[in-house]
Amino acid sequence: MEFFCYHRDRPGSLPLREELTEAHWSYMDGFADELIARGPTFADDGETPTGSVHIVDLPDPAAARAFAFDEPNYQAGAYRDVLLRRWRNLLSRTMWDFPGGRTGGDRYLVLGLGTGEAVDLSVPPDKDDLIAYGPLLSDDATAWLGTAALVRAPDPDRARAVLTAGRYADVEVHAWEFGGRR
């Protein structure tokens, strides 16, 4: 089962995150084979972390909750909240398989939080700039709750355009980069 996990930082958590960098990476090393995508999101300055995205393939919702809430930054209080949803990998690949590679161009996390009738359940026709893409689902995968995408785009507005306009209760766009050990 695939899960989308987005830990959102508490304001002022950067010193704590920096202190826990190795603990975070070591924790994620234990899930290397299960990770589909990972990486930090940033504030408008492009430098201040605002969160951490992990898309992971785990056996069940209980394992996903353990993954999200046992994470060292979460345990230490660096995060203010966690968005954890079932997810379906419509690209059938990991971020490491993205043909565009780790560098070149700006990258974004696009979160469309949904209500009502499901939308964007298939891959958009122009998928060359999609790093990860799929619906956010309820724990039992029967209810559509939105769409999450990692996108290479020249700006936030172009990144947002990967989702159908006017069909979401809210759309968030966050600067994002490939994660992992440097």
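The values are calculated or read from the model by the stated rules, or taken from the named source; none is laboratory data. A quick note: this is a predicted structure, and the numbers were derived from the prediction, not measured. Don't worry about glycine lacking a Cβ; one is built from the backbone with ideal geometry, like all the others, and counts go over all protein chains shown.
Answer yes or no: is there a residue in the stretch 96-111 that is out of contact with any helix residue (DSSP H, G or I) (no Cβ under 9 Å at 6 or more places or on another chain), among the basic types (Lys, Arg) and not in a helix (DSSP H, G or I).
no
Under 7 Å between Cβ atoms, which residue pairs at least 6 apart in sequence (or on different chains) link something in the stretch 57-79 that is more than 27 Å from Arg93 (Cα to Cα) and among the aromatic types (Phe, Trp, Tyr) with a partner that is at pLDDT below 95 and in a helix (DSSP H, G or I)?
Short answer, once both residue conditions are applied: none.
Check the stretch 162-169 and report whether any residue there is crowded, with 16+ Cβ neighbours inside 10 Å and not in a loop (DSSP other than H, G, I, E, B).
Among the residues of the stretch 162-169, not one is crowded, with 16+ Cβ neighbours inside 10 Å and not in a loop (DSSP other than H, G, I, E, B), which makes the answer no.
Hey, could you check the stretch 29-48 for residues that are surrounded by 17 or more Cβ atoms within 10 Å (Cβ to Cβ) and without any contact (Cβ under 8 Å) to a residue 60 or more places away in the chain and say which is nearest to the chain's Cα centre (by Cα)?
Here the answer is Leu35.
Between Arg80, Arg158, Arg182, Arg93, which is out of contact with any Phe, Trp or Tyr (no Cβ under 8 Å at 6 or more places or on another chain), of a type outside the set (S, T, N, Q), part of a strand (DSSP E or B) and surrounded by fewer than 19 Cβ atoms within 10 Å (Cβ to Cβ)?
After applying the criteria, what remains is Arg80.
What tally of residues in the stretch 121-140 results from selecting those that are surrounded by 14 or more Cβ atoms within 10 Å (Cβ to Cβ), modelled with pLDDT under 95 and closer than 20 Å to Tyr6 by Cα?
The total comes to 1.
Out of Ala76, Ala143, which single residue is farther than 18 Å from Gly39 by Cα and outside the structural domain of Arg160 (by TED's automatic domain parsing)?
Answer to the selection: Ala76.
Does Ser26 qualify as being among the hydroxyl-bearing types (Ser, Thr, Tyr) and either part of a helix (DSSP H, G or I) or surrounded by fewer than 19 Cβ atoms within 10 Å (Cβ to Cβ) (or both)?
yes
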